[in-house]
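The values are calculated or read from the model by the stated rules, or taken from the named source; none is laboratory data. Please read all numbers here as calculations on a predicted model, not as lab measurements. Using ideal geometry, Cβ is built from the backbone for each residue, glycine included, and neighbour counts are taken over all protein chains shown.
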């Protein structure tokens, strides 16, 4: 007998989603997270989550996390200057939250529904539980936990995947964020700003929080040495005499076919590269991967998770097409794309979960699809 049905390593959105959906079905599930307090760590994250997250949790799960709702998007051709256009969405584009507050709210919701939370740093993963190949987790201090299944929700630097000998994802985004506290010249409460072609395959963002602006940059690893300066210059152009808090990390983008199930281990969230390659949004996709893994465990059918992952790989291919075509249009015809209200209304439908990237892709002409195939093949991300 194992002490638990499932051990979840990592208490972020993906781990919390897995724990919640397992616990509500009566599974004995324990979430192990390196934070000493439930969901309390600061993480480099824009903190914008979309309504796709509501496919995973009921709205009541966000009661203590949401700071404000954004319905206006300002697009710029270049940072801080030049052509720009603002578009309004009738549905929320994103909801703003500090990531630590969001994690605390979601994990707390899972615990309220029967999951157990255990603070602790994982030291070792093995597959010798009770001599029957079940996964085991050894914590610093020597405590050993054994379960029938393990959910690896331990992020981009996943110890679980490294222990299993899985490679790092080939495509990665480097992200730097600046939490900039200080007076601003305008009211940002209902507006986010994005510069989609600020560098090759990257973008700047400005996200409004309750008492500050979250500004940041994501781009290819080749631009890493310049990213912090760009982020600082950008935030200082929006916040006067700002008190800066910089942080950064890399974001793995899923490689099609990357393993997501092996040896009774489901790999979800950033560990599995479940990050939208168009927007680099991983909160809702991580949660969806956790939910799908939980449903597969409850059904005792790992192939069910594999079928969902195959759909995700197709969705992410179409998402790359969306991003690459947007960058090309911004570079070649910036005024046309920035002022194209129809295009941005489509974007709002996609990010809010009212349309899939694949549904958008199906509307493209055959020549455009051929262009997409070429660009997707040779683009760095």
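Within region 57-72, one or more residues are in contact (Cβ under 8 Å) with a residue 60 or more places away in the chain and outside the structural domain of residue 205 (by TED's automatic domain parsing).
Do we find a residue being in a loop (DSSP other than H, G, I, E, B) and under 18 Å from the mean Cα position of the chain (by Cα) anywhere in region 307-330? No, the conditions are met nowhere in region 307-330.
In region 297-313 there is no residue that is buried (at least 16 other Cβ atoms within 10 Å of the Cβ), at pLDDT below 95 and within 23 Å of residue 77 (Cα to Cα). Taken over region 96-118, the residue count meeting the criterion of being part of a strand (DSSP E or B) and at pLDDT below 90 is 1. Residues of region 148-164 include none that is in a loop (DSSP other than H, G, I, E, B), farther than 25 Å from residue 250 by Cβ and modelled with pLDDT of 90 or more.
Being at pLDDT 95 or above, farther than 21 Å from residue 251 by Cα and over 11 Å from the mean Cα position of the chain (by Cα) is the requirement here; does residue 337 meet it? Against the criterion (at pLDDT 95 or above, farther than 21 Å from residue 251 by Cα and over 11 Å from the mean Cα position of the chain (by Cα)), residue 337 does not qualify. Residues that are in a loop (DSSP other than H, G, I, E, B), farther than 30 Å from residue 121 by Cβ and either at pLDDT below 90 or touching a helix residue (DSSP H, G or I) at 6+ places or on another chain (Cβ under 8 Å) (or both) are absent from region 34-41.
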